[in-house]
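Take a look at the structure set out below.
The values are calculated or read from the model by the stated rules, or taken from the named source; none is laboratory data. Small disclaimer: the values here were computed from a predicted structure and weren't measured. Glycine gets a Cβ as well: all are built from the backbone with ideal geometry, and neighbour counts include every protein chain shown.
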Amino acid sequence: MEKSKGNHITSCTISWENTEDVLSVVTKVLQTEVHVRFYDSGALMSGRIWPMSEQQKQELYSVLYKCIDDWDGDDYSVDEFDSNRWQFKICTQRSCLKTVCGTAEPPHGAEIKKILSEVIGEDNCYFF
């Protein structure tokens, strides 16, 4: 997908949940920072914000543009991993370009996790 004026990525949100433990984590990537919030049974338990460098942002957004083109369909669920579920939204200022969900890692998932773990640390990465 071309980076046209109307399709410029401005954020992405990854919501992860473990249905057995009723734990969920929401990771939101904005222009200059990453917000991570931990919830237990819907109640906010903790949260933190990390700054993200321009280089890290460009690297991540480059992968996200590939995801928009490469993610087939909107569900990457497999029965073996049904207790952990995630949803990934890639957005512009005006709309959501792509929403996918699943239980297994989607294409480019390892690249996304690698980039974000460099920003927020491996212990805060709850994605795929």
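Okay, here's what the table says:
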quantity	calculated
Options Ser46, Ser62: the member that is small (Gly, Ala, Ser), free of Cβ contacts under 8 Å to residues at least 12 places away in the same chain and either farther than 26 Å from His8 by Cβ or not in a helix (DSSP H, G or I) (or both)	Ser46
Leading residue by the ranking (farthest from Ser83 (Cα to Cα)) among those in segment 17-33 that are touching a residue at least 40 places away in the same chain (Cβ under 8 Å) and of a type in the set (Val, Ile, Thr)	Val29
Any chance Ile90 is in a strand (DSSP E or B), at pLDDT 90 or above and surrounded by 15 or more Cβ atoms within 10 Å (Cβ to Cβ)	yes
Answer residue from segment 106-116, given it is of a type in the set (D, E, K, R) and buried (at least 16 other Cβ atoms within 10 Å of the Cβ) and is nearest to Val29 (Cα to Cα) among those	Lys113
Test result for Leu23, crowded, with 16+ Cβ neighbours inside 10 Å, on the phi < 0 side of the Ramachandran plot and touching a Lys or Arg at 6+ places or on another chain (Cβ under 9 Å)	no
Residues that are assigned to a strand (DSSP E or B) and surrounded by 12 or more Cβ atoms within 10 Å (Cβ to Cβ), drawn from segment 26-43	Val26, Thr27, Lys28, Val29, Glu33, Val34, His35, Val36, Arg37, Phe38, Tyr39, Asp40
Per-region count, segment 61-84, residues among the hydroxyl-bearing types (Ser, Thr, Tyr) and surrounded by fewer than 15 Cβ atoms within 10 Å (Cβ to Cβ)	3
Val119 vs. criteria modelled with pLDDT of 90 or more, surrounded by 13 or more Cβ atoms within 10 Å (Cβ to Cβ) and part of a strand (DSSP E or B)	no
Hits in segment 11-39 - residues which are at pLDDT 90 or above, over 13 Å from the mean Cα position of the chain (by Cα) and among the β-branched types (Val, Ile, Thr)	Thr32
